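Working notes for the structure below.
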Amino acid sequence: MSTSRRRKTGYHHGDLPVALLRGAGRLLEKKGVEALSLRALARLAGVSHAAPYRHFRDRESLLAALATEGFERFAQALEQGHASGGLRGRGEAYIRFALANPQRFRLMFAGELAIHRHPALREAAGRAFSGLAGALSQHLSGMPSGDASIAAWALVHGLANLLLQERIASAMRGGRSDEEFVRGVLASVRFAANPPAV
């Protein structure tokens, strides 16, 4: 089959937007956000250079779609973490997601995207954070849940970034794996929302 015929068939396939996002996600994790362009994505998907523009207006729209998808997966991971380990499990899931998807995580939180121009992204990010706030508010008495949410967010986000940037010396980790180290650090923190069992 000729290249032009293959491209035409691929373009009319109903899963092209999904395939483009999947390819963009792989390219993002492999080469970083700088390598992402609609032209590179078209080559990767084996479609014409014009085909991605039918689904993404420009490069920023593609990046916003990747970040939106990231926040949707992120929210699911946090819910699963909470279901299996409560508030601490949610914190562990936050960091586990960051370490498993470093480039996507950086894109989601880098601030390079004008979030106000992308309603779907704004809504997905809001849902992820409201899940954290909602989980905390169930355990709080006499404390502003917004403040506690930001405190918890700052802790896990800071720890995730320190690990991603390899800023924690191996001596401080005591030979522990990422999972063991994160569990130990979070277990050492006693929020009013999650007092130690007696």
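Here the Karplus relation 6.51 cos²θ - 1.76 cosθ + 1.60, evaluated at θ = phi - 60°, turns the backbone of segment 64-76 into coupling constants of 5, 5, 5, 5, 4, 4, x, 5, 5, 5, 4, 4, 5 Hz, with x for every Gly and Pro. Sorting Tyr94, Tyr53 from the fewest to the most surrounding beta carbons within 10 angstrom yields Tyr53, Tyr94.
Taking each pair of distinct Cα atoms in segment 60-187 once, what is the resulting Kirkwood hydrodynamic radius in Å? Result for segment 60-187, one decimal place: 15.3 Å. When each of Val189, Val18 is scored by the number of other beta-carbon atoms lying within 10 Å, the sequence from fewest to most is Val18, Val189.
Approximating the spin labels as points 7 Å out from Cα along Cα→Cβ, the Arg127-to-Gln80 distance works out to 1.6 nm. For Arg54, Arg106, the sequence from fewest to most other C-beta atoms within 10 Å is Arg54, Arg106.
Computed from the coordinates by the stated procedures, all read-outs in this text should not be read as laboratory data. The structure displayed is predicted, hence computed values, not measured ones. Cβ atoms come from the backbone with ideal geometry, glycine included; neighbour counts cover every protein chain shown.
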